[in-house]
Each structure stands twice: as C-alpha cells, then as structure tokens.
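First the structure, in the form of structure tokens, and then the observations on it.
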Amino acid sequence: DFRPDPTLTNDELKPTSPEMRAFSGLELASLWVGLVVGVPTYYLAGSLVELGMAWWQGIATVVTANMILLFPLILTGHPGSKYGVSFPVLARSSFGIRGAHIPTLLRALVGCGWYGIETWIGGEAIFLLLPAAAKRSSLAANVSWLGTSPLEFACFAAFWLAQLGIVWRGIDGIRELEKYSAPVLTCLTAGLLLWAYRAAGGFGHMLELSSRLTGSEFWALFFPSLTANISFWATVALNIPDFTRYARSNADQIVGQVGLPVFMGAFTFVGVAVTSSTKVIFGRVISNPIQLLGQIGGVPTKILAIVGISLATVTTNIAANVVAPANALVNLAPSRFTFRRGALLTAVLGVAFQPWRLLKSSESFVYTWLVGYSALMGPILADYYVVRRGCLNIGDLYTLSPEGAYYYSGGYNAAAVAALLAGILPVVPGFLRKVGILEKVSGLFSGIYDNAWFFSFFTAGILHVIFSLLLSKKTGTHDRQVQEPLLP
C-alpha cells in the first residue's frame, strides 16, 4: 500500500508506472548522440593532439575514458530501470531522506552553470555567423557594465528563449527532441567529414601527425587526460536514473548506454580529422568548429551551420543540464516545484551565472572543477550494490518516519556524508593549484588531482561501506532491505 509523505513526493518524484516506460534501447542511444555531438566534445581529442599525442592516441584516450565510465553508468542506471526512481529519490537510500539534498543540489549547481555556458556557446554560433555588417555595428561594441556587447547578449537571449519551448514540454519533449535530432546530427557530422576529406584531398595530413612525446611524457599526459575525459560525462552518469527510469527494461538501458563510447569515438575522430584538414585547406589550423563553418562561406552553408550548431547545443544542454537541476528542485520542495518550474528556475540561474564573464575570466575553473564529483557516485553505488545488495524498500524512500530504513539520524546518513568529504577534500589542494590560487602543492596532492576520478570514486565508495558497517554495529540497527515490485 503506497502512501508517500506529501512533503516527499509529487507526480515527478513517484516511481514511473509501466505505461510511462517508453524509452527503447535505440532511443536511449539517440540520447547520447544528442549529448555527444557538440562544440566542447569536438575539441577533446584535438586538444590532446595539440599537447603532443599522435592522432590515434588522442582518440584512444577519449574512447578508453568512456569505456571505463560505461561500467558505473550502467550500474547507476540499474536502480532507475528496476524501481523507476529518479536520482534524487535514489540518493535518499544512501544519504538519507534529508541528506539526499547534498548530492542533488551539488549536481544541480553544476547543471545550472553549464546550462548558462552551453547557452552562451549557442548564442555565439548565431553571432559569429551573422553578416559582417551586423558585427561591425555599434551594437557589437562591448558595454562595460554588461560584460559583453548588446548584440552578443541578444543572440544569447534568443537561444535561451528557444530552448524553453522544448524544456516546457518536460521529459516527453526531451525524448522527442533527442530521437528526431539524432539522425539529423549524424547526417550533418558525416557531411562535414566528407567536405573536409574532399577539400583536403584525403586525411593524409592527419595520418602524418605522429606523437611528439617520449614514453614517460606520454604517460604523464595520459592519466590526467584520462581523468579529465572521464569527468566530462561523470555528472551525467551520476543522475542517469533520471532517464533510465523511463526505459522499457534494464536490457534497454544497457544497450542505450553503449552508445556513449561508440559515439564519442566517432565524433572525436571527426574533430581531429576536420581540424587537421584545415591546415591544408586554409593554410592554418582552425580548431573552433563555429569559426570553421563561418569560413566555408555561402548563405546556405551559414544557415545550415546555425541550424546544426544550435541543434547540437540544445540537445546537449537540455539533457545534460536541465533534467538534474529540475529534479533536484522538485525533491527540495515537492509542493512548490514541478519539473517545468524547476527547469525554468534552472534557465534563470544559468543567466545569473553570467557565462560570458565566467568563460572569459576563468576558463580553467570552468573546465577543471568537475574532477571531484565522482565522490558523489562512490557512496551511492557502494550503498546500493554492497550494503543493500541491489534491494530497496520503495515505501521507505517516501517516508519521514524514524522507523524508515533511510531515515538514519534525523534524515541524514553520517556514513555517506563522511565518505563524500573524504573523497573530495584530498582533491582540493591540487584543484587550487590548477586554477592558480595556490602556487605549489606536494607531489602527493598533485598526483591525487591528476587521478581524481579514480581516487574520489573508490575512496568514497570503500569508506562508505566501512563507515556503514561500523555505524550499524554501534547502533545495533539493520536496514530493511526489501525488494518490492514497481509501484505506480
């Protein structure tokens, strides 16, 4: 008899019913097409080639990172497909009914920031592909109090508004967007690759890009790069139950997740191949795909470029950066927030982050602060698979009764919070050095930061199990691990 506490649930937080489970494996895979095809992903392997790797080493590093991430991705997706619960509800089992706000709001903070950044990138695409006369006008001049030009801000605002129409339709709108965008984005990507191949007379120049690194230099670059590439999608892997709860079965969610390493490998190959071909075509390397499309010329090409980049940015932004913050806000106050309201507030906060200032003044901060987020995933997976052995009591996820399995102490699980801190704090010194706040740190902290995903994930996970066992022995309590059927 499912009688949830009204302060802990609404229509968005309830387990999905069988009729709501419509995502096939192909549709979940198409979600990854929409996520992968975008401006930031285009740079990944190319940036490693610029640092001295051979072209194939750069692509192999990206693929290896995503093959590693595939395992926690599938594991985190399982409770979503099995019980139909979202990430905030799943987090209640490990962090506590109230403690779940810690990981969900941290994830929401990242999502809001990235929503603003991706929206700015989409607005930049519109601005850079505008006629030259418009970009020379007085509206294109910087305004000091705004931090950018009125014309650039107008492009940003236009892109911001365009996304709201899709967001307002909720998960069904996102599903349709990703489903129908995937073949379009695939065709546009293939078209860009074919153009580069024909214009450069093949990919001979790319194949000539051999490694400039010695063996020791390669490995010194490989491990930090591996960590960075794992971290690239680590936050999406954290809240993947928000999507797998709509999967028709666990088999469908597994098939869908395999799309990540496949499409990442294919798209990073396109990024390296096209970037290397620009040296032959234009006499200089053009690594920015937006600038490249502006150079190709022709009104039809520019229109197609605006559509392609806008579509790629929207599909990435909405799936990766709206769903998690919206669900976190719903979990924070179910009586006040629906998914739509949460998504709207996410979009507003994305503007409040002022991404144009964030990108110009502290780009290193934006692209290096995600490495410690694997410490959020460690306790959740350790709790679900080791402590609870894959069994959840659905009713207790929605109750404030002190007798509930996930109430712990005042609604907080001290074991999970302590494990989370233990996984994040050792990464902080290396991060502060990376962004220039500290001039120097010990080799130990530098090594931890360079391998932060592995360190935080396993440290937080192992400590969570140890702390959970110690606390259960101390209190003499045993959680009720009841595998219940899916409830509507």
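Scanning region 153-170 for residues being open to solvent by 30 Å² or more (accessible area, probe 1.4 Å) and of a type outside the set (Gly, Ala, Ser) gives a total of 7. Under the condition of being assigned to a helix (DSSP H, G or I) and over 21 Å from Phe282 (Cα atoms), which residue from region 206-218 is nearest to the chain's Cα centre (by Cα)? By that ranking, first place goes to Phe218. Gly430 satisfies every condition listed in (1) modelled with pLDDT of 90 or more; (2) outside any loop (DSSP other than H, G, I, E, B) except (1). Within region 268-292, track down each residue that is within 30 Å of Thr346 (Cα to Cα) and modelled with pLDDT under 85. Across region 268-292, the qualifying residues are Asn288, Pro289, Ile290, Gln291. When you look at Ser231, is it touching a helix residue (DSSP H, G or I) at 6+ places or on another chain (Cβ under 9 Å) and closer than 30 Å to Ala100 by Cα, yes or no? Taking the combined requirement at face value, the residue satisfies it. Per the listing Leu226, Leu209, Leu260, Leu238, the residue uniquely under 16 Å from Met67 (Cβ atoms) and in contact with a Ser or Thr (Cβ under 9 Å, 6 or more places away or on another chain) is Leu226. Among residues that are in contact with a helix residue (DSSP H, G or I) (Cβ under 9 Å, 6 or more places away or on another chain) and open to solvent by 20 Å² or more (accessible area, probe 1.4 Å), Ile97 is not included. If we scan region 246-267, do we find a residue that is in contact with a helix residue (DSSP H, G or I) (Cβ under 6 Å, 6 or more places away or on another chain) and of a type in the set (Val, Ile, Thr)? Among the residues of region 246-267, at least one is in contact with a helix residue (DSSP H, G or I) (Cβ under 6 Å, 6 or more places away or on another chain) and of a type in the set (Val, Ile, Thr), which makes the answer yes. Which residue is farthest from Ala91 (Cα to Cα), if the candidates are limited to region 400-417 and must be open to solvent by 40 Å² or more (accessible area, probe 1.4 Å) and among the small types (Gly, Ala, Ser)? Across region 400-417, the extreme among qualifying residues is Ser401. Among the residues of region 457-464, are any hydrophobic (A, V, I, L, M, F, W, C), within 30 Å of Leu432 (Cβ to Cβ) and modelled with pLDDT under 90? Within region 457-464, not a single residue is hydrophobic (A, V, I, L, M, F, W, C), within 30 Å of Leu432 (Cβ to Cβ) and modelled with pLDDT under 90. Can you tell me which residue in region 231-288 is least open to solvent (accessible area, probe 1.4 Å), limited to those that are charged (D, E, K, R) and not in a helix (DSSP H, G or I)? Per the criteria, the residue is Arg245. Pairs meeting the criteria (first residue in region 76-99 and within 17 Å of Val387 (Cα to Cα), second residue buried (at least 24 other Cβ atoms within 10 Å of the Cβ) and among the polar types (S, T, N, Q), beta carbons under 6 Å, at least 6 apart or on different chains) are Ala91/Thr104; Phe95/Asn413; Gly96/Asn413.
Considering region 166-195, and only residues there that are small (Gly, Ala, Ser) and touching a helix residue (DSSP H, G or I) at 6+ places or on another chain (Cβ under 8 Å), the residue that is farthest from Ile306 (Cα to Cα) turns out to be Gly170. Restricting the search to helices (runs of 4 or more DSSP H) fully inside region 100-205 and requiring at least 3 residues that are within 30 Å of Ser409 (Cβ to Cβ), touching a residue at least 24 places away in the same chain (Cβ under 8 Å) and within 19 Å of the chain's Cα centre (by Cα) gives 101-128. Considering only residues in region 289-339 that are in a loop (DSSP other than H, G, I, E, B) and on the phi < 0 side of the Ramachandran plot, the one that is surrounded by the most Cβ atoms within 10 Å (Cβ to Cβ) turns out to be Val322.
Take the conditions closer than 18 Å to Arg175 by Cα and not aromatic (Phe, Trp, Tyr) and apply them to Leu51. Does it pass? No, not satisfied. Among the residues of region 439-455, is any at pLDDT below 95, under 19 Å from Ala91 (Cα atoms) and surrounded by 24 or more Cβ atoms within 10 Å (Cβ to Cβ)? The answer is no; no qualifying residue exists.
The values are calculated or read from the model by the stated rules, or taken from the named source; none is laboratory data. For clarity, every value in this text was computed on a predicted model and none was experimentally measured. Backbone-built Cβ (ideal geometry, glycine too); neighbour counts: all protein chains shown. Protein only, heavy atoms only, side chains kept; ligands, DNA and RNA dropped before computing areas. Shrake-Rupley method; radii C 1.70, N 1.55, O 1.52, S 1.80 Å.
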